[in-house]
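These notes are about the structure you will find just below.
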Amino acid sequence: MTGRNGHAGHVTEPAPKPAHPPVQREVEVVGRRPVNAYVELSLAAPEIAERAEPGQFLAFAIGGETSALLLRRSIAIAGAGDGVVSVVVAPHGPGSTWLAGLRVGERVDVVGPLGRPFPAAPAGARALLVGGGYGAAALVGLAARLRSQGHEVAAVAGAASADRLCSVAELSALAAPVEVTTDDGSAGRTGRVTVAVDELLTGVGVVYACGPMAMLRAVADAATALGIPSYVAVEESMACGIGVCMTCVLPVVGEDGRTRFSRSCVEGPVFGGDRVRFDDVGKLPHDVVGADAMGVVAP
């Protein structure tokens, strides 16, 4: 079988549907700590924590009851257990900055867990986990699950600079080796994650990645070239989190070989790395299902 980049070999299966439906709750912030350039929030949310699986996310109402910020902010789950669920927030725009500024004892409206989780690894497979920036936080729970199932786990954590790294200590407690890369050389090896990924792929049976789209593409391409299945958790903007607004669609190749626009929040955020058409993200491919009805013609 041939993948999206023309490489012969394995084509990954779709991510599984979540085992449990999401709930909406107003929850209390019970923990807050800085993590380099980010903020980790811990929330008392037992119903969400018991349902959450690695790869899923939460959608937060932003700014309080009188806020003009109407759209929710979707953040990957960094950990869940003992009635508490945690997220790592990167303050950027007004919404994420407000969220990162929440203090212990304050309350926030949240919906979750949402999205499809990372699928199980093949029996006996060695797994490679690759995280970019705060995307590495979403891989900690996955690393713990894989280890508990008897899998060997290696990991790469990369970022533009040392202050943008995340969850290195947590991954180091669960995976070996753990390689660190930074674009500017301020921590670990100098360069992008692929300088370490290319070395670690030997003997790997499955790759999981979470981070910026350019990184996901590079990791998926490297795995696909060797016939290794890969799963990527995309960082598309998910305004509603429930598949209504259609702001987070991506061109994804289905099991029938045809391309459809898939909603990252519902059909994702985890997709087979060889199924996402990274070249066409943000575009309207002529061969996507429904393009003919919109008057799109082949070049």
So which cysteines in the chain don't have a second cysteine's C-beta under 4.7 Å from them?
CYS166, CYS210, CYS248, CYS265
Relative exposure of HIS151, HIS92, judged by other C-beta atoms within 10 Å (fewest first)
HIS92, HIS151
Fewest-first ranking of TYR134, TYR38, using other Cβ atoms within 10 Å as the exposure measure:
TYR38, TYR134
Hey, got the dipole for region 23-114? About the Cα centre, +1 on K and R Cβ, -1 on D and E Cβ, debye to the nearest 20?
260 debye
Give me the distance between the Cα centres of region 155-198 and region 223-246, rounded to whole Å.
21 Å
Most positive-pole-ward Cα, VAL110, SER167, ALA76, against dipole of region 75-225 from beta carbon charges:
VAL110
Looking at the chain, send over the antiparallel percent of its DSSP beta bridges, to the nearest 5.
60 percent
With an 8 Å cut-off on Cα pairs and a minimum separation of 6 or more residues, tell me the relative contact order of the chain in percent.
19 percent
First select every other residue whose beta carbon is under 13 angstrom from the beta carbon of LEU99; then total the charges, Lys and Arg +1, Asp and Glu -1.
+2
Starting from the exponent 0.38 and prefactor 2.2 Å, build the expected Rg for the chain from its residue count and divide its actual Cα Rg by it.
0.97
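Coordinate-derived values only; no laboratory data. Everything quoted here is computed from the prediction, not taken from an experiment. Neighbour counts are summed over all protein chains in view; Cβ atoms, including those assigned to glycine, are modelled from backbone coordinates with ideal geometry.
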